[in-house]
Amino acid sequence: MWVAQWNRLPTRNRLARWSPVPDKSCLLCGTHDEDRDHLFLRCSFSEQIWKKVTRRLGHRPFLFHTWTALLDWLHLKDRTSSLTLRRLAVHTTISKLWFERNNRLHNSRSSTPMIIFKDIDRTIRNSIHTRKRRRKFRNLMSHWLRFS
Ligand SMILES: [Zn+2]
């Protein structure tokens, strides 16, 4: 299950439990220690992306302050956005944020929230397109494009 997978990501704060890490600061904002909840949810950089993602799902833009809040929202029955689309959006957003973080760490290359959101959008469209024959994905493209 992907949630468990993200729980074990080697964020700088996690690595510091086993050996001293010279710099524990977040690679996206540089102002806070990097742990899972900060990196993916509370970082000002990530927040800009979540606002765009939640807006595209049809919600008034909002933010998650804890991992539990994110998971609760993922399991909520909600008329605004389907469960499948919400899961796809969350999974894609987390993946792209982790990729951005690693790109900064290993390649010294960085993107903007706008460019990352465009990449998220493209990835979600492609995922829906390749699964369009599955029942759960049948109407997702129009849902995802509804608020674009
Ligand atoms: Zn940060």
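The values are calculated or read from the model by the stated rules, or taken from the named source; none is laboratory data. Note that the structure is a prediction, hence the values are computed from the model and not measured. With ideal geometry, Cβ positions are generated from the backbone for all residues, glycine too; neighbour counts draw on all protein chains shown. The accessibility values were calculated without ligands, DNA or RNA, using every heavy atom of the protein model including side chains. Shrake-Rupley method; radii C 1.70, N 1.55, O 1.52, S 1.80 Å.
Observations, loosely collected:
- All positions within the stretch 18-32 that are touching a residue at least 60 places away in the same chain (Cβ under 8 Å) and more than 7 Å from the ligand (Cβ to nearest atom): LEU27
- Residues being outside any helix (DSSP H, G or I) and surrounded by fewer than 17 Cβ atoms within 10 Å (Cβ to Cβ) - total across the stretch 76-135: 14
- For the stretch 48-61, the count of residues that are on the phi > 0 side of the Ramachandran plot, away from the ligand (no atom under 16 Å from the Cβ), assigned to a loop (DSSP other than H, G, I, E, B) and in contact with a helix residue (DSSP H, G or I) (Cβ under 8 Å, 6 or more places away or on another chain) is at least one.
- Scanning the stretch 76-93 turns up at least one residue that is of a type outside the set (Lys, Arg), within 16 Å of the ligand (Cβ to nearest atom) and either touching a Phe, Trp or Tyr at 6+ places or on another chain (Cβ under 9 Å) or within 25 Å of THR130 (Cα to Cα) (or both).
- Number of the exception - ASP72 against (1) of a type in the set (Asp, Glu); (2) open to solvent by less than 70 Å² (accessible area, probe 1.4 Å); (3) at pLDDT below 95: (2)
- Which numbered condition ARG56 misses (of (1) closer than 29 Å to ARG12 by Cα; (2) in contact (Cβ under 8 Å) with a residue 40 or more places away in the chain): (1)
- Among (1) within 16 Å of LEU105 (Cα to Cα); (2) within 8 Å of the ligand (Cβ to nearest atom) - the single one PHE40 does not satisfy: (2)
- Checking each residue in the stretch 1-53 for being among the hydrophobic types (A, V, I, L, M, F, W, C) and open to solvent by 80 Å² or more (accessible area, probe 1.4 Å) picks out MET1, TRP18.
- Among the residues listed as PRO61, PRO113, the single one being touching a residue at least 24 places away in the same chain (Cβ under 8 Å) and out of contact with any Pro (no Cβ under 7 Å at 6 or more places or on another chain): PRO113
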